[in-house]
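Colleague: Below: one structure in structure tokens.
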Amino acid sequence: MYQAIVFLPLVGFLVVGLFGRALGARASELITTSLLFVSAFFAWIVFFRTAFGGHEGTVELFTWIASGNLDVKWALKVDTLTAVMLILVTTVSSLVHLYSMGYMHEDPSRPRFFAYLSLFTFAMLMLVTSDNLVQLFFGWEGVGLASYLLIGFWYDKPSACAAAMKAFIVNRVGDFGFALGIFAVFYMTGSVSFEAVFAAAPSLADKSLHFLGHEWSAPTIICLLLFVGAMGKSAQLGLHTWLPDAMEGPTPVSALIHAATMVTAGVFMVARLSPLFELSQTALNVVLFVGASTAFFAATIGCVQNDIKRVIAYSTCSQLGYMFVALGTGAYSVGVFHLLTHGFFKALLFLSAGSVIHAMHHEQDMRHMGGLWRKIPFTYATMMIGGLALTGFPFTAGYFSKDAIIETAFASHSPFSTYAWTLTVVAAALTSFYTWRQMFMTFHGHPHDHHHYDHAHESPLTMLIPLGVLSVGAVFAGMILYPYFVGHDVEHFFREAIFMGTDNKILEEIHHIPGWAKWAPTVMMALGFVVAYWMYILKPSVPKALARQNDLLYRFLLNKWYFDELYDVLFVRSAKWLGTFLWKEGDGRVIDGYGPNGVSARVLDVTDRVVRLQTGYLYHYAFVMLVGVAALITWFMFGGAH
């Protein structure tokens with residue numbers, strides 16, 4: 001069963017990828033989608049058997065690498081953490097496949113699209129079932145490849161190609177740190193297998209590692225290097241710039257990769273390696289600081305975006321920051337809890353946005369929308385549910401998971417706990433504001449584009465069914481699973497899948513914080529709604545007036561804190577200058593001038609001049625002979641004869 005869950009998407013990719021043109025678009029859709037639903041069905045069986053029945057284990061497939069001390073097995077590790085990821089990945093992926101049958105029905109390259117979706121799903125499943133760091137890295141790079149292919153799916157659009165390249169390059173920066181972390185783990189423990197590494201982890205506590213000319217605490221440097229990889233894949237502050245641009249891909253891609261699955265790989269990795277992170281409070285402090293900063297930073301930008309997908313993209317970036325806040329406090333199960341609930345309601349928001357775009361004939365600017373709730377009431381209802389869950393409306397999924405994260409920041413003993421709590425609470429207000437701003441601009445008020453509005457219609461059933469299913473998860477996932485991720489059943493539920501040290505009491509302490517701290521996120525959620533309602537329903541002229549009065553701040557946020565411009569100056573332009581210099585001076589002047597091409601050119605010059613001496617006239621040759629004889633006699637007269 002475990003093998004079927006992982007390899008059925010691979011079968012779909014191979015069949016459709018190789019024979020898609022011969023099979024046709026409809027057959028390709030049905031094959032890949034059917035295989036994903038079978039995989040999801042098995043994943044739910046495994047989830048209940050593992051999480052509640054205790055059926056954990058490792059399925060060894062074959063030896064992958066055997067070289068000296070490096071022994072890497074290709075194996076499928078199944079425990080509660082894996083089972084949680086399996087249901088998220090397969091459920092969302094199968095629903096996205098079904099949704100794409102309606103959303104992409106006019107695209108002539110559907111077989112290629114569905115093949116890429118299945119390839120991504122296989123790579124993600126390999127990542128979450130990995131038994132060792134090398135296999136984890138294989139899945140890590142596999143989802144990066146699939147992300148590149150899907151973001152640039154419409155390769156005739158220059159913006160899509162640029163976004164795909166940007167995602168690929170920025171992730172390589174993070175992956176370099178991740179690879180160094182894996183090397184360091186093998187160097188210090190002699191293994192890459194999770195079981196062996198975790199067994200050796202306590203012995204690393206007092207060891208040091210020589211890195212960049214200094215001695216560092218081994219657990220700290222290992223965890224920080226691994227976290228660099230997580231920052232790239234999960235779009236944390238500094239390596240976040242690729243995520244908003246990734247919206248150039250088709251909307252189902254945004255829902256699958258950049259909301260529910262791939263971007264959460266970094267969160268999964270940190271939770272999986274909790275035995276290592278528990279050894280370094282410094283590393284956890286860095287995770288907490290970066291996560292809180294990202295949550296606030298992305299939320300501020302989301303407040304001024306006008307593209308309906310980019311608002312949700314920055315929301316994703318912000319919510320990923322929340323997850324790392326939980327991990328940084330040591331509440332790994334709480335971070336995974338928000339990963340799961342967020343996967344459902346954020347996929348719902350992206351797919352609902354796709355339904356809006358479909359109704360508006362591919363219009364994505366919210367300033368051209370308005371009044372759509374009358375035209376697409378079902379999409380309006382599902383997007384409302386997703387928005388309520390995102391803002392943390394009481395008893396929705398986000399209310400249980402996001403509020404729990406803010407509580408962990410308050411209860412934490414980290415030196416950054418106050419910083420993290422303050423920024424996450426403020427981000428909660430901003431989240432509510434930009435979510436309701438999106439709802440009001442899209443669905444309420446007066447239509448701004450009557451041509452598109454008049455022709456707007458509800459999406460087909462293949463698109464609406466996934467919205468309905470995800471709505472159920474967005475409402476009920478939090479209240480059902482709260483005891484197992486945050487309550488008193490965490491230790492029994494996760495068993496050894498997540499490790500927390502004996503001094504880590506964060507899950508107990510969050511239940512004893514003051515009432516005002518517990519209610520702060522809910523108050524902020526209500527405040528964000530009131531401000532958005534006042535600005536976009538009662539006084540629609542206020543936003544433009546505020547933008548004019550605070551032009552510098554507005555432009556600062558609209559231009560995403562100028563990170564892209566800063567990176568352009570620091571890295572892009574300098575790289576272009578270096579490349580041009582090496583091309584013109586190194587390759588052109590030095591290599592071509594003095595290398596093989598240069599020698600060839602000089603030979604041609606000499607032979608050309610020598611050829612000119614062969615005129616064919618007898619008196620020229622006689623003259624040269626006389627000059628030679630005169631030179632020879634002169635030499636004999638003055639120096640050659642003794």
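Just so you know, all these numbers are worked out from the coordinates, no wet-lab data involved. Just so it is clear, the structure is predicted and the values come from calculations on it, not from any experiment. Here the Cβ positions follow ideal geometry from the backbone for every residue, glycine too, while neighbour counts run over all protein chains shown.
Colleague: When only Cα pairs under 8 Å and 6 or more residues apart are kept, what is the percent relative contact order across region 265-344?
Modeller: Computed value for region 265-344: 38 percent relative contact order.
Colleague: Where nothing but the Cβ of Lys and Arg (+1) and of Asp and Glu (-1) is charged, how large is the charge dipole of region 478-611 around its Cα centre, in debye to the nearest 20?
Modeller: With only Lys, Arg, Asp and Glu charged at Cβ, the dipole is about 740 debye.
Colleague: Among Gly354, Phe42, Gln236, which residue has its Cα positioned farthest towards the positive end of the charge dipole of the chain, with +1 placed on the Cβ of Lys and Arg, -1 on the Cβ of Asp and Glu, and the dipole taken about the Cα centre?
Modeller: Result: Gly354.
Colleague: While we're here: I'm checking a number: the convex hull volume of the Cα atoms of region 274-354, normalised per residue, in Å³. What is it?
Modeller: With only Cα atoms used, region 274-354 gives 71 Å³ per residue.
Colleague: With 10 angstrom as the radius, rank Phe493, Phe571 by how many other C-beta atoms surround their C-beta, starting from the fewest.
Modeller: Phe571, Phe493
Colleague: Run lengths n ≥ 4 of DSSP H only: what is the helix-derived mean residue ellipticity at 222 nm for the chain, with -39500 (n - 2.57) per run over all residues, to the nearest 500?
Modeller: After summing the helix terms and dividing by residue count, I get -22500 deg cm²/dmol.
Colleague: Checking the cross-link filter: which lysines have an alpha carbon closer than 23 Å to that of Lys518, excluding same-chain neighbours under 8 positions apart?
Modeller: Lys518 reaches Lys402, Lys505.
Colleague: So what J values fall out for region 187-201 if you push phi through Karplus, 6.51 cos²θ - 1.76 cosθ + 1.60 with θ = phi - 60°, rounded to Hz, Gly and Pro as x?
Modeller: Each residue of region 187-201 in turn: 5, 8, 10, x, 8, 10, 6, 4, 4, 5, 5, 5, 5, 8, 4 Hz.
Colleague: Please sort 54-63, 90-99 by packing, taking for each peptide the average over its residues of neighbouring beta carbons within 10 angstrom, highest first.
Modeller: 90-99, 54-63
Colleague: Alpha carbons only, please: Rg and Dmax for region 210-349, in angstrom.
Modeller: Answer for region 210-349, Rg first and Dmax second: 15.1, 49 Å.
Colleague: Also, quick follow-up: Non-local amide H neighbours of Trp216 (under 5 Å, H modeled in plane, Pro and chain starts lacking H): which ones?
Modeller: Counting only residues 5 or more places away or on other chains, the set is Leu209, His210, Phe211.
Colleague: From the residues Val89, Ala389, Leu149, which one has its Cα farthest along the dipole of the chain in the positive direction, the dipole being from +1 and -1 charges on Cβ of Lys/Arg and Asp/Glu about the Cα centre?
Modeller: Leu149
Colleague: Applying the Karplus parametrisation 6.51 cos²θ - 1.76 cosθ + 1.60 with θ = phi - 60° to the phi angles of region 265-280, what ³J(HN,Hα) value in whole Hz is obtained for each residue in order, glycine and proline being reported as x?
Modeller: 4, x, 5, 4, 4, 5, 5, 4, 9, 4, x, 7, 5, 5, 7, 10
Colleague: Give the cross-link partners of Lys73 among the aspartates and glutamates, using a straight C-alpha distance below 16 Å as the criterion and excluding same-chain residues fewer than 8 apart.
Modeller: Glu60, Asp131, Glu195
Colleague: Same structure again: With unit charges on the beta carbons (Lys and Arg positive, Asp and Glu negative) and the dipole taken about the Cα centre of region 156-557, which residue among His368, Met479, Ile308 sits farthest to the positive side?
Modeller: His368
Colleague: Please go through the residue pairs Lys157/Lys375; Lys207/Lys233; Lys166/Lys346; Lys544/Lys576; Lys207/Lys560 and name each one whose alpha carbons sit more than 32 Å apart in this structure.
Modeller: Lys544/Lys576; Lys207/Lys560
Colleague: Counting other beta carbons within 10 Å of each Cβ, put Arg548, Arg112 in order, fewest first.
Modeller: By the 10 Å Cβ count, ascending, the order reads Arg548, Arg112.
Colleague: What FRET efficiency comes out for Val569 versus Val610 if R0 is 60 angstrom and r is the Cβ-Cβ distance? Round to the nearest 0.05.
Modeller: Efficiency, rounded to the nearest 0.05: 0.65.
Colleague: Want the number for Ser208 to Ala547: 0.36 nm per residue separation, take away the alpha-carbon distance, what's left?
Modeller: Here the segment from Ser208 to Ala547 would lengthen by 116.8 nm.
Colleague: Hey, another quick one. Does region 437-518 come out rounded, prolate or oblate, given a ≥ b ≥ c as the square roots of the eigenvalues of its C-alpha gyration tensor, rounded meaning a/c under 1.5 and, failing that, prolate meaning a/b above b/c?
Modeller: Verdict is prolate for region 437-518.
Colleague: Right, next: With a/c under 1.5 counting as rounded, go ahead and sort region 182-250 into rounded, prolate or oblate using the C-alpha gyration tensor (a ≥ b ≥ c being the square roots of the eigenvalues; past the cut-off, prolate if a/b is larger than b/c, else oblate).
Modeller: The shape class here is prolate.
Colleague: Between [x] 39, 33, 27; [y] 54, 33, 27; [z] 90, 36, 18, which matches semi-axes √(5λ) of the Cα gyration tensor in Å calculated for the structure shown?
Modeller: Step by step, semi-axes √(5λ) of the Cα gyration tensor in Å for this structure corresponds to label [y].
Colleague: Can you run phi through the Karplus equation (6.51, -1.76, 1.60; θ = phi - 60°) for region 8-15 and list ³J(HN,Hα) in whole Hz, with x for Gly and Pro?
Modeller: Once θ is set to phi - 60°, the couplings for region 8-15 become 4, x, 5, 4, x, 4, 5, 5 Hz.
Colleague: Long-range amide H contacts for Cys303: which residues qualify at under 5 Å (H placed 1.01 Å from N, peptide plane, sequence gap of 5 or more or a different chain)?
Modeller: Amide H neighbours of Cys303, under 5 Å, 5+ apart: none.
Colleague: Rounded to the nearest 20 debye, what is the charge dipole size of the chain about its Cα centre when +1 sits on each Lys and Arg Cβ and -1 on each Asp and Glu Cβ?
Modeller: 1240 debye
Colleague: How do Cys223, Cys161, Cys303 line up, fewest other C-beta atoms within 10 Å first?
Modeller: By the 10 Å Cβ count, ascending, the order reads Cys161, Cys303, Cys223.
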